[in-house]
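Below you'll find the structure, written out as structure tokens, and then a few comments.
Laboratory data are not the source of any read-out in this text; all were calculated from the coordinates shown. These numbers come from a predicted model, not from an experiment. With ideal geometry, Cβ positions are generated from the backbone for all residues, glycine too; neighbour counts draw on all protein chains shown.
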Amino acid sequence: MELLLLLPLVIFLSIYCAHGRSITMHVLSDEGDGTPIPSTLFGIFFEEINHAGNGGLWSELVSNRGFEAGGQNTPSNIAPWTPVGSSSDVLLATERASPFARNPIALRVEVLCDSCQAPVGVANPGYWGMDVRAGDEYKIIFWLKAATSSSVVVSFVSSDSSVTLAQSDTINVDGTKGWTKQEIVLKAQATDHYAQLTVTSKEKTVFWIDQVSAMPVETYKGHGFRKDLALMLEELKPRFIRFPGGCYVEGERLQNAWRWRASVGPWEERPGHLGDVWGYWSDDGIGYFEFLQLAEDLDALPIWVFNNGVSHTDEVATSLIGPFVQEALDGLEFALGSSSSKYGALRAQMGHPEPFNLKYVAIGNEDCGKQYYRDNYLQFYYAIKKYYPDISIVTNCDGSYRQLDHPADLYDFHIYTSASNLFNMNHQFDKISRNDGPKAFVSEYAVTGNDAGRGSLLAALAEAAFLIGIERNSDVVHMTSYAPLFVNNNDRRWNPDSIVYDSWQSYGTPSYWVQKFFKLSSGATLLPSNITGSTNVNSVVTSAIRSSDTNDPSIIVKAVNFGNKAVGLKLNIDGSFWNSANSTAVILTSNNVMDENSFSNPTKVVTKTVTMSGKNQMGITLPAYSFMAITVPSLGSNSRDSELHSDM
């Protein structure tokens, strides 16, 4: 039977009707139908957890580059630096000899052998190995001094030290000149994904090194971000990025909370801090400036989460909160002030004369209910609104079903739960008041627990259903982001996560692939739709949108089948301007609901595209445990697949 395109379009997505398991979805698509979806609806949330930045998105290869890990009150642990040569050839010790006041520790290397037969010194393996590839260039910067005139060599060597991958010319050190900054570029002649960096000598000498950095010359947009991981973020087309946490913002103790002032300026002078919530040192190479730069590079709005005087174990009373409030105001000046202002000038010195596009801040993270949160919050709120009235402010207190007792533009909503619970929560916001109160910011959501594994299909499908519910309720939900975003496979502090990597390879979990389904939803139009048919089909959740692309205003219908049986879905779209001949469908499913991706099989659970050509009825099943998106282009489109499909 031929479809008549001048009549309402009917696409049979399934001819599977066994046991009556079929439904009909009717979509109203005429011009004027629908509700605008916020342009900000889907974004990402970065937290320094699982070595997400240090040893992840930030391209710095050297771990503990300033020898400060472990604290500033006592000489630090040298790890992961190790000696090159036997114990009779080299002696390593940390000393308070650094040229940087905020980073007092430096490493003293004493070479004990005369005319050493092999290089002797110190090696750094980075974060579980350094990815060094033949033909690539790496910029090495470090500070060096020696007791007497001598020479050192900087090299990349293989993980077992048997192969030299790249090596500098001899660097001569004048013992009378004190500290000097050394900058070299090494071009690798061979590849080892788990290499190490060495600084060595072959003569009896004493030298000191400090603030040792090694980064690939080629990074994402030249701003220091690891290219493969940043490109995976770019693929999501995030409309915002919330940073830098999360619990990381609070700290287990306030003395270890993330503070923006300590994370800006020259990287050598950033003191770093112990991220005690997640148990490792952060050198703050990826700091406030870098987060703002990343948001700009991704064409996303930055959402800065700052500490409000509350940690997991201690709090600042409201009567003493003034310095914290001033710190927040100074941080806003850094992002938004003119280059002639105090902190705007610092931003300009760092290479960004123009202000960043900061429009949102969150006062704390998961702190509602703490003794001083509400009163502290009000101090921040009114101070910020006085000087920056256009900034939207997020409260930690959930305003879903109760009236907030303080002003806010948005309220945080966090949910980590089982797959079945999150699937059922696709109705979470159906009955929320549609008054003029603050909108929801679902800034952390994910399936966790036994049915999540390390990123299962089952978890991803429940999240997809939840996000469809968010999409349907986007009049009261302003923003949404998954958590956590990143995990270094060598340091899993949390399961599951969206993007998994080690020193050189990466893959997206099924949850990552689900997020790609929604990248065209921000700024689109939610279309009215209703479901009729079998009353025993409770496993299917659907939504329909019209793309915001005026040149190709396709309709995209999403459907999750969370049940163990296939379902037939007949799609009925009102209107006379839809082109069934060039419709496409993208589906995410697998043989087992607990299937996961891995380094050995990174594409086990990924999307697949089906092109539906011709004018005949199309028989496509919505399989058990699957997520499908169907794009129906307009008759006036150029017949290309939608962006959703062409790049998946």
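Structure above, values below:
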read-out	value
Spin-label pair SER598/LEU378, simplified geometry with 7 Å Cα→Cβ offset, distance in nm	5.6 nm
SER159/SER339 FRET efficiency (R0 45 Å; Cβ-Cβ; nearest 0.05)	0.50
Gain upon complete extension [GLN403, ASP436; 0.36 nm per residue less C-alpha separation]	10.7 nm
Globularity index of the range 359-407, i.e. its alpha-carbon radius of gyration over 2.2 N^0.38 Å	1.11
FRET E, pair SER168, ASP314, Förster distance 41 Å, beta-carbon r, rounded to 0.05	0.30
Calculated diffusion of the range 404-505, Stokes-Einstein form, Kirkwood radius summed over Cα pairs, 37 °C and 0.692 mPa s, µm²/s	224 µm²/s
Inter-probe distance in nm under a simple model that places probes 7 Å from Cα toward Cβ, at GLU269 and THR219	1.9 nm
Inter-probe distance in nm under a simple model that places probes 7 Å from Cα toward Cβ, at ASN357 and THR35	2.6 nm
Computed magnitude of the charge dipole of the range 82-216 (debye, nearest 20; Cβ of K, R +1, Cβ of D, E -1)	380 debye
Two-decimal Rg/Rh across the range 82-216, once Rg and the Kirkwood Rh are taken from alpha-carbon atoms	0.95
With Cα atoms, 0 to 90° folded angle of helix 322-336 axis to the chain main axis	80 degrees
Overall dimensions of the chain by Cα: Rg and Dmax, Å	27.6, 91
Rounded to 10°, Cα long-axis angle of helix 288-297 versus longest principal axis of the chain	40 degrees
Förster radius 45 Å - calculated FRET efficiency between ARG253 and ARG454, Cβ distance, rounded to 0.05	0.90
Mean ellipticity per residue at 222 nm, deg cm²/dmol - from DSSP H runs of n ≥ 4 across the chain, formula -39500 (n - 2.57)	-4000 deg cm²/dmol
C-alpha long axis of helix 457-472 to longest principal axis of the chain, angle in °	70 degrees
Those residues of the range 289-327 whose amide nitrogen sits under 17 Å from the label point placed on GLN371, 7 Å along Cα→Cβ	308-322
Potential extension, SER149-THR82 segment - 0.36 nm per residue separation minus Cα distance	21.7 nm
Cα gyration tensor of the range 493-605 - equivalent ellipsoid semi-axes, whole Å, descending	31, 20, 12
Dipole magnitude of the chain about its Cα centre (Cβ charges: Lys, Arg +1; Asp, Glu -1), debye to nearest 20	680 debye
Between the range 465-501 and the range 79-103, the Cα center-to-center distance that results, in Å	41 Å
